[in-house]
Each structure stands twice: as C-alpha cells, then as structure tokens.
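Remarks on the structure that follows.
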Amino acid sequence: TQLLEQSPQFLSIQEGENLTVYCNSSSVFSSLQWYRQEPGEGPVLLVTVVTGGEVKKLKRLTFQFGDARKDSSLHITAAQPGDTGLYLCAWGSSNTGKLIFGQGTTLQVKP
Amino acid sequence: NAGVTQTPKFQVLKTGQSMTLQCAQDMNHNSMYWYRQDPGMGLRLIYYSASEGTTDKGEVPNGYNVSRLNKREFSLRLESAAPSQTSVYFCASSPRMDTQYFGPGTRLTVL
C-alpha cells in the first residue's frame, strides 16, 4: 500500500483554468515535499512544507500543508502549457534522508 | 556546476546480460540515492548511501548491487538483467536530510 496517495492521477485542462492536486496519508509527517518532473528529465524540488496549516506560494502555485500534517495540496492558478508535467509529493525520513514518493499526478495543459 | 550526471542515457540489454549505471555529483553532497520509476508507481528507492563507504537497501533492492566509489560517484550494477528491470533509473544526491537533486535518468530496456 502507498504511504502517500495522490489524486487525481491524470488531469488534462485548458490553458487559463485552475486546478488542485492532493496528497493524502493516514500518517503524520514532519514535513512534505513537492517535486515537478518534466518529460525526459529528473524531478526538481518545488517546495518543502513543515508546519501544520502552512501555506507557501511560488508564483501561480500555492502549496498547503494540512493542520494535522497528514495531507497537502497544490493549487495552480491560470495554468499555462509550461506547467505540464508530473507532480510528485514526497515524505523524507529525518533519520535516513530517504524519500517516499506518491505515485504522482500527470498534468497536461493544452493551449 | 553540472549537478548530478548519469551515463548512459539509454541502454538496451538482453535478458541475462550485465551492466553498470554510472552516477556522479559535483556538489560535495554526502548522501546519494538510486531510484527506479515505473508508470503509475512514482519513484521507488533501490539503494542509498548516507556517506562515503556506506550503502543500505531501499524498497526494491533485489537484482541490484551498488558501489559508493568515492564521495562523488555512486554506481548501480545489474548482474543478470531481467525484463522486470525495464525502467527509468534516477540517481540523486542530497546535502542534508530533506532536499534531493536528481540526474536526468537512464532509460533501460531489457529484452
């Protein structure tokens, strides 16, 4: 069973639309990371959220960590074709540095 | 800085053949990791090395061996390749327990 469940798995939208991607778990996390992976490349870290209820913004991307630190969301406002890619949430073990990834959300933004 | 580099970018093997995937980082990071990525499965950790001279198994180590040659280099070896090892392999490095930097990946097909 996946420690981190991401939804939806696939999302295809038109340019200019808004969207939200979710990352859920039954476990409590000390922190959570979001990565974006473009086709043919490795994942790139977007943000790390640490505090329950925390909200971080990265241009048109808004990341939120749930109050109970069991879930997180990524909201994109006015999506652009350049936002196309695979979005992954991940939890890191503070003891070992190992990352556990969700299965990812594939986003396609059509012009 | 080149960051994390991986060679080769593509490889096709026949069942039973062996090969070594190479990874190097020039960021002076202590920790290095090998992942495989399969459709709908996110990234799964194969092996990791918390520091030079140490290696530990991850989630899916069977069929693989690793060598942390020095602080810069971490190689992944398939002794007898199987079709189930067809995947995209990513190497990553980390300066601390949360942020990881990924290479561009090696696309491996085992026939």
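The table for this structure:
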| read-out | value |
| --- | --- |
| Neighbours by Cβ (under 8 Å, 6+ apart or cross-chain): first from the range B:82-111, over 16 Å from B:ASP38 (Cβ atoms) and among the acidic types (Asp, Glu); second modelled with pLDDT under 95 and surrounded by fewer than 19 Cβ atoms within 10 Å (Cβ to Cβ) | B:ASP98/A:SER31; B:ASP98/A:THR48; B:ASP98/A:SER94 |
| Single residue of the range B:52-92 satisfying the filter (among the aliphatic types (A, V, I, L, M) and in a strand (DSSP E or B)) that is nearest to B:HIS29 (Cα to Cα) | B:ALA92 |
| Tally of residues being surrounded by fewer than 15 Cβ atoms within 10 Å (Cβ to Cβ) and touching a strand residue (DSSP E or B) at 6+ places or on another chain (Cβ under 7 Å) across the range B:21-36 | 1 |
| Elements of type strands (runs of 3 or more DSSP E) in chain A, at least 1 residues being polar (S, T, N, Q) | A:5-7, A:10-14, A:19-24, A:32-37, A:44-49, A:61-65, A:71-76, A:105-110 |
| Test result for A:GLY92, within 13 Å of another protein chain (Cβ to nearest Cβ) and either charged (D, E, K, R) or free of Cβ contacts under 8 Å to residues at least 12 places away in the same chain (or both) | no |
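The values are calculated or read from the model by the stated rules, or taken from the named source; none is laboratory data. Computed from a predicted model, the values in this text were never measured in an experiment. Here the Cβ is made from the backbone with ideal geometry for all residues, glycine too, and neighbour counts use every protein chain on show.
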